[in-house]
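Encoded as structure tokens, the structure appears first; notes follow it.
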Amino acid sequence: MSSTGASGRAEGGQLEERVDLSAETASKISQARTLVASSPSNLRDALALLAALEKRCRVGNDTPSLVRVCEASLDLCKEAGDDEALLATLKNLSTRRSQKAKAIGALVTKCLPWVVDEGDGFTPIVIAEGNEAAAKARDALVEELREITDGKMYLEAERARLTRTMAILKEAAGDVAGAADVLQEVHVETYGSISKREKVEFILEQMRLTLAKKDYVRAAIVSNKIQRKTLEEEGMTAEKIKFYTLLTQYHRHDKNALELAKDYHAIYSTNSVQEKENELKEALTNTVVFLCLSEYGNEMKDMMERINLDTNLDKIPECRETIQSFLKKEIIHYPLPHLTALESLPAFNMEDDNTIPPSPFESSLASHWHTAFHTRIIQHNLRISSVYYRRIHLSRLAQLLSLSRDDLEKHISQMVSAGSLYAKIDRPKDIVRFKKERKEEEILSDWAADIKSLLNLVEKTTYLIHKENMVQGH
């Protein structure tokens, strides 16, 4: 090796002998470039020249020179416009026996600007319309880079971005299911070399594609990968809004009104929404509407009480009056004064894929919510009636609630089955009882408990009187 310098035997903690081939590397790369410049047909001869040098650098452990040779080989293929040679060279260099990790990383880094936008690292480069050959070459290079990065921890970030690139390409081609499946292969939440924001963005993209694929079970699983406290951190506003907007699509499919109310309230509580009047009103209105559509429970009641204290509710009179109607212990007359305005909201008429039909009530969900609104008002009225009446004639109660006898019986039966109301109907006597008749033993037990409590109070009072007398006597 007269033209090369050697670093000698392994010294100073080195495990292997390293040969310095930097001078020969510069000479051979220059020679290869001259060959290609003279005629593109000499590309294979130039690559063969560099391939022999690459082996010597690899065996001689001259990693800097090895990286230069690998990058030069790819540059020659790219400059010659030979996409097939580029793919073959990339595959051959990356699969060499005992190939250095730095060399493989350099190969991937060199190719990335040729397939993706350097700004975000995953958006595919734009190909002129009609240039199918260039688009095909780009797609093939993306796939090859994904194969190279597969299973390599030091390239996990690059693989995640390339997978997202592949998903974008498949979605653009109309293969939404394929795009979702490709993106699901990457468990980005386990990657340590990716920032928290990029992980959240990646998972949000997984959610979006699984919802577009109508795979709602997997969408729910993916959504649990994002911690809610992460979305509350500074600078995560856009991601928080996108996350809860996607959740509305999932909960709309499940027809879960309470969860929809929570989603819209989370969007409403975002700082950027609070600063914009229109977005604030829209989010708060949606929260109130779906809260009123929710089944009665402690969580629903607590949330309604908290929203009723919100001063922003005064900016939306129809919402303020509606929520106060549900909080009062008074019968609500159907339809509500502002029912038409509330039911004309875009969120009320959305399909489960968050699309809005051309006209109101064309959506099957809109019909469901319309029926649910009436049902919730009837259930509210029955709960209020049970507070003021121990028993009442069915015909009279039906008159008070503006219902037919059959509809009234149906709603009472449903509430009793759900455990939200106690009632017994005596059809021959046309009476419904809302209070459970107590047995003699229960009445006697309560009386005994009251007497015991009274005697305890008398005993405590007597003790305090004696104590005071003794203090005053001294």
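The values are calculated or read from the model by the stated rules, or taken from the named source; none is laboratory data. The shown structure was predicted, so the numbers you read here are calculated from the model rather than taken from an experiment. Every residue, glycine as well, gets a Cβ built from its backbone with ideal geometry; the counts of neighbours run over all protein chains shown. To get the accessible areas, we keep the full protein, side chains included, count just its heavy atoms, and leave off ligands, DNA and RNA. Shrake-Rupley method; radii C 1.70, N 1.55, O 1.52, S 1.80 Å.
GluC sites (Glu not before Pro), restricted to region 88-197: which are DSSP loop and have at most 16 other Cβ atoms within 10 Å? Kindly include the intermediate steps, with their values, before the conclusion.
On the way: sites: 118, 129, 132, 143, 144, 147, 156, 158, 171, 185, 189; in loops: 118, 129, 185.
Passing sites in region 88-197 are 118, 129, 185.
Once the Cβ-Cβ distance of residue 212 and residue 429 is raised to the sixth power relative to R0 = 60 Å, the FRET efficiency obtained is 0.55.
Helix-only arithmetic for the chain: the sum of -39500 (n - 2.57) across DSSP H runs with n ≥ 4, divided by the residue total, places the mean residue ellipticity at 222 nm at -21000 deg cm²/dmol. When the surface is traced with a 1.4 Å probe over the full set of protein chains, residue 230 keeps roughly 20 Å² accessible. At an R0 of 30 angstrom, the distance between the Cβ atoms of residue 438 and residue 393 translates into a FRET efficiency of 0.85.
In this structure the amide hydrogen of residue 20, modeled in the peptide plane, comes within under 5 Å of the amide hydrogens of 5, 6, 7, none closer than 5 places in sequence on its chain. Oblate is the label for region 103-231, because a/c, from the alpha-carbon gyration tensor with a ≥ b ≥ c as root eigenvalues, is 1.5 or above and a/b does not exceed b/c. Candidate cross-link partners of residue 100 among the lysines, defined by an alpha-carbon separation under 16 Å and a same-chain spacing of 8 or more, comprise 55, 91, 110, 152.
Using every pair of separate Cα atoms, the Kirkwood estimate puts the hydrodynamic radius of region 425-473 at 14.7 angstrom. Amide hydrogen proximity for residue 100: with H placed 1.01 Å from N in the peptide plane, no residue at 5 or more positions away or on another chain lies under 5 Å. Using a probe radius of 1.4 angstrom, the carbon and sulfur fraction of the accessible surface of the chain is 51%.
In a simple Cβ point-charge model (Lys, Arg +1; Asp, Glu -1; nothing else charged), region 394-474 has a dipole of about 200 debye relative to its Cα centre.
In this structure the amide hydrogen of residue 431, modeled in the peptide plane, comes within under 5 Å of the amide hydrogens of 394, 426, none closer than 5 places in sequence on its chain. Applied to region 308-325, the Karplus parametrisation 6.51 cos²θ - 1.76 cosθ + 1.60 on θ = phi - 60° returns per-residue 3J(HN,Hα) values of 5, 8, 6, 5, 5, 5, 5, 6, 10, x, 5, 6, 4, 5, 5, 5, 5, 5 Hz, with x for Gly and Pro. Counting only heavy atoms of the protein chains and using a 1.4 Å probe, residue 435 has close to 90 Å² of accessible surface. Note on residue 431: accessible area approximately 20 square angstrom, rounded to 10, probe 1.4 Å, nucleic acids and ligands left out.
For residue 364 and residue 344, FRET efficiency with R0 = 22 Å and r from the beta-carbon atoms, rounded to 0.05? Write out the running numbers ahead of the final one.
Numbers: r = 17 Å, r/R0 = 0.77.
E(calc), rounded to 0.05, equals 0.80.
Going by accessible surface with a 1.4 Å probe and the largest first, 153, 300 read 153, 300.
Shape class of region 178-281 from the Cα gyration tensor (axes a ≥ b ≥ c, square roots of the eigenvalues): oblate, since a/c reaches 1.5 or more and a/b does not exceed b/c. DSSP loop (so not H, G, I, E, B), at most 12 other Cβ within 10 Å: list which GluC sites (Glu not before Pro) in region 224-263 pass both filters. The qualifying sites are 234. From the coordinates of this entry, mean projected area of the Cα convex hull in nm² is computed, and it appears in (i) 44.0; (ii) 30.2; (iii) 22.0 under the label (i).
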